[in-house]
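Novice: Submitted below is the structure of interest, expressed as structure tokens.
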Amino acid sequence: MAEALATIARIEGLGMIAIRADLDRAGDAIAEAAGLTIPGQTRIVTDGSRSLGWMSPDELLLILPATELAEAVTALTDALASEHALVVDVSDARAVFDVTGPHAADVIAKLMPVDLDDLPPDGLRRSRAAQTAAALWRIPGGFRLIGFRSTADYLRLILENAAIPGSHLAPR
């Protein structure tokens, strides 16, 4: 029997904090509180178990172990107390999947209108996966995809279907 094109794994135990602020004014405070540098436009920075992704001109997403969530929310809230800013725990509103394996890019290419050949190692793309909003970036051996928890079953299903054995994309 043929093997699936990629392994699809739901990732649990992550905390996610949406940060909205004027990044030019508050970037240094955010970076210090998050323990990461501010990513460039459409980029993500990762150091150990934490990642900070650029989501829009005034929005970042901090991804970290759930055990560090409360402390990070407090640190960010305190750091941005004098700014017009929003710090909110969105962990329960998101679903995270890793798509890994030698043909992980084929799985993603079937679902998302993203030029994966043009996606840099630190690139983050917000797009759609079939009919639902999603963001993705590279991880060792594949990609990490985040979508809304309300569409988690749908995301899992379309990812698994896109990875069906023998369903490689035609060579270009």
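The values are calculated or read from the model by the stated rules, or taken from the named source; none is laboratory data. The structure presented is a predicted model; accordingly, all values stated were derived computationally and were not measured. Neighbour counts run over all protein chains shown; Cβ positions are idealised from the backbone, glycine included. Areas reflect the complete protein model, heavy atoms only, side chains present, ligands, DNA and RNA absent. Shrake-Rupley method; radii C 1.70, N 1.55, O 1.52, S 1.80 Å.
Novice: Answer yes or no: is there a residue in region 50-69 that is open to solvent by 10 Å² or more (accessible area, probe 1.4 Å), part of a loop (DSSP other than H, G, I, E, B) and more than 14 Å from PHE143 (Cα to Cα).
Specialist: Yes - at least one qualifying residue is present in region 50-69.
Novice: Do you know which of the residues in region 86-112 that are within 17 Å of the chain's Cα centre (by Cα) and of a type in the set (Val, Ile, Thr) is surrounded by the most Cβ atoms within 10 Å (Cβ to Cβ)?
Specialist: Out of the qualifying residues, it is VAL107.
Novice: Now for a different question. Taking ALA2, is it surrounded by fewer than 19 Cβ atoms within 10 Å (Cβ to Cβ), of a type in the set (A, V, I, L, M, F, W, C) and out of contact with any helix residue (DSSP H, G or I) (no Cβ under 9 Å at 6 or more places or on another chain)?
Specialist: It is true that ALA2 is surrounded by fewer than 19 Cβ atoms within 10 Å (Cβ to Cβ), of a type in the set (A, V, I, L, M, F, W, C) and out of contact with any helix residue (DSSP H, G or I) (no Cβ under 9 Å at 6 or more places or on another chain).
Novice: Moving to a separate point now. What number goes with the only condition from (1) in a strand (DSSP E or B); (2) closer than 17 Å to ASP106 by Cβ that GLY166 does not pass?
Specialist: Only one criterion in (1) in a strand (DSSP E or B); (2) closer than 17 Å to ASP106 by Cβ is unmet by GLY166, namely (1).
Novice: Just checking, does region 70-85 include any residue being open to solvent by 20 Å² or more (accessible area, probe 1.4 Å), assigned to a strand (DSSP E or B), touching a residue at least 24 places away in the same chain (Cβ under 8 Å) and on the phi < 0 side of the Ramachandran plot?
Specialist: no
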